[in-house]
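Below: one structure, written as structure tokens.
The values are calculated or read from the model by the stated rules, or taken from the named source; none is laboratory data. What you see is a predicted model; the values in this text were computed from it and never measured. Methodologically, a virtual Cβ is constructed for each residue, glycine included, from the backbone with ideal geometry; neighbour enumeration extends over all protein chains shown. Heads up: the accessible areas ignore ligands, DNA and RNA and are worked out on the full protein's heavy atoms, side chains in. Shrake-Rupley method; radii C 1.70, N 1.55, O 1.52, S 1.80 Å.
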Amino acid sequence: MSKPIHAVTPSAKVITIQQHILLQEKKFPGASGEFSWLLSGLTLAAKMIEAAVRRAGLNSILGQAESSNTHGEVQQKLDIYANEVMLHNLGVRESVGVLASEENETPIIVHNESNNAKYAILFDPLDGSSNIDVNVSVGTTFSIYRRPVDVELNEASKWVLQPGDQQVAAGYVVYGSSTVMVYSAGRGVHGFTLDPAIGAFILSHEDIRMPEHGIYYSVNEAYADTFPEGYRKFLAGLRQGVLGRKYSSRYIGSMIADFHRTLLKGGIFLYPPTDDHPNGKLRLLYEANPIAFIAEHAGGIAINGTGPILKMHPTSIHQRTPLIAGSPSEMNYLIECLKAE
Ligand code: AHG
Ligand code: MN
Ligand code: MN
């Protein structure tokens, strides 16, 4: 007789991202609850972007727009849509005073005159957008700062030109085989998977710790001849088994997806200086800082080649930086190789 087929019953005891934040806030008396309201703006934006990404081949949103962004890069239609979604959903929150996006030339002041406007939110609305036409993972980053003391609302650049160690929370969403939001408010790194059936982000990865080491390095090797010597020595060392294992490589070309794998599986993600981008390609405020915040709060390390990303004092809002983030074992070996240079 054949065995009965067991239906897989979904768990009734799910924890949504909102519940998780409220539970965390309860542990810290004095928390105002504003943060959960901010996060709900981010989750709604993420769901709207995810819906557009999932239908990307079916509507007319694939392909390049006729504009270029503030870095002179061609914008994809989805870059523009994702940016509008983020600006709108965060802009209607009264506690937000300033928004800064990779896609806008200057920071945007919202809620003029409101004393309740306490936060600046910085974001890359769609990371890896050159991958969108070919069904490869893309993402969204976010980084949240408090308004610095003695800074007026109209001094928007001062709200956003803060070192990454001042972030009160940061994270990203990866639109991959499933949609996952990872965030930290300084008390652990937590991951939530969007359940499309109920439209909610459900706790799926509690208290993520980056493994001590991994088996992959993730870098655009086509530029390797132009990396500074220390990086080339490091990569050769990994290939030769200096750390006691042979490495393999994975490179998607979407930073968030490449980093997300590194966070869960260990290893290292690198975007070093190159001939074309001597100061690195990735943007400090929208890309490097949120990734570094997550990496460090998960027990990993993130540097710019000379020091910690989170200690950098930004001087301009679209500043670029080299970014290397990963597990302690690979990162410490890289730091040795760079010192020996
Ligand atoms: P964006 O789509 O926001 O402009 O970012 C693209 C970035 C990043 O996601 C990725 O790590 C990097 O560009 C890839 O650059 P290369 O093609 O030079 O490797
Ligand atoms: Mn990006
Ligand atoms: Mn982008």
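In the set HIS313, HIS277, HIS260, which member is in contact with a strand residue (DSSP E or B) (Cβ under 6 Å, 6 or more places away or on another chain) and open to solvent by 10 Å² or more (accessible area, probe 1.4 Å)? It would help to see each step written out before you state the result.
On the way: HIS313 fails: in contact with a strand residue (DSSP E or B) (Cβ under 6 Å, 6 or more places away or on another chain); HIS277 fails: in contact with a strand residue (DSSP E or B) (Cβ under 6 Å, 6 or more places away or on another chain).
When all the criteria are applied, what remains is HIS260.
The residue list LEU270, LEU235 contains one member that is in the same structural domain as GLY326 (by TED's automatic domain parsing), within 12 Å of ligand 1 (Cβ to nearest atom) and not in a loop (DSSP other than H, G, I, E, B), which is LEU270. Within the option set LEU285, LEU338, being more than 16 Å from ligand 3 (Cβ to nearest atom), touching a helix residue (DSSP H, G or I) at 6+ places or on another chain (Cβ under 9 Å), on the phi < 0 side of the Ramachandran plot and part of a helix (DSSP H, G or I) holds for one residue only, LEU338. The residue of segment 280-303 that is farthest from ligand 2 (Cβ to nearest atom), among those that are open to solvent by 10 Å² or more (accessible area, probe 1.4 Å) and within 24 Å of GLY244 (Cβ to Cβ), is GLY299. Please verify whether segment 304-322 includes one or more residues that are assigned to a helix (DSSP H, G or I) and within 15 Å of ligand 1 (Cβ to nearest atom). For segment 304-322, residues assigned to a helix (DSSP H, G or I) and within 15 Å of ligand 1 (Cβ to nearest atom): present. Candidates GLY280, GLY299: the one that is touching a Ser or Thr at 6+ places or on another chain (Cβ under 9 Å), within 16 Å of ligand 1 (Cβ to nearest atom) and in a loop (DSSP other than H, G, I, E, B) is GLY280.
For beta carbons closer than 8 Å, sequence separation of 6+ or different chains, a first residue in segment 105-122 that is over 13 Å from LEU90 (Cβ atoms) and a second that is open to solvent by less than 30 Å² (accessible area, probe 1.4 Å) and aromatic (Phe, Trp, Tyr), there are no qualifying pairs. Against the conditions (1) open to solvent by 10 Å² or more (accessible area, probe 1.4 Å); (2) away from ligand 3 (no atom under 16 Å from the Cβ), GLY266 satisfies every one except (1).
On the basis of being within 16 Å of ligand 3 (Cβ to nearest atom), assigned to a helix (DSSP H, G or I), out of contact with any helix residue (DSSP H, G or I) (no Cβ under 6 Å at 6 or more places or on another chain) and farther than 19 Å from PHE293 by Cα, does SER130 make the cut? Against the criterion (within 16 Å of ligand 3 (Cβ to nearest atom), assigned to a helix (DSSP H, G or I), out of contact with any helix residue (DSSP H, G or I) (no Cβ under 6 Å at 6 or more places or on another chain) and farther than 19 Å from PHE293 by Cα), SER130 qualifies. Residue by residue through segment 174-227, note down the ones that are open to solvent by 50 Å² or more (accessible area, probe 1.4 Å) and at positive phi. Within segment 174-227, ASP207 is the sole residue that qualifies.
Which residue out of ASP150, ASP133, ASP124 is within 13 Å of ligand 1 (Cβ to nearest atom) and loosely packed, with under 15 Cβ neighbours inside 10 Å? Result: ASP133 is the single residue among ASP150, ASP133, ASP124 that is within 13 Å of ligand 1 (Cβ to nearest atom) and loosely packed, with under 15 Cβ neighbours inside 10 Å.
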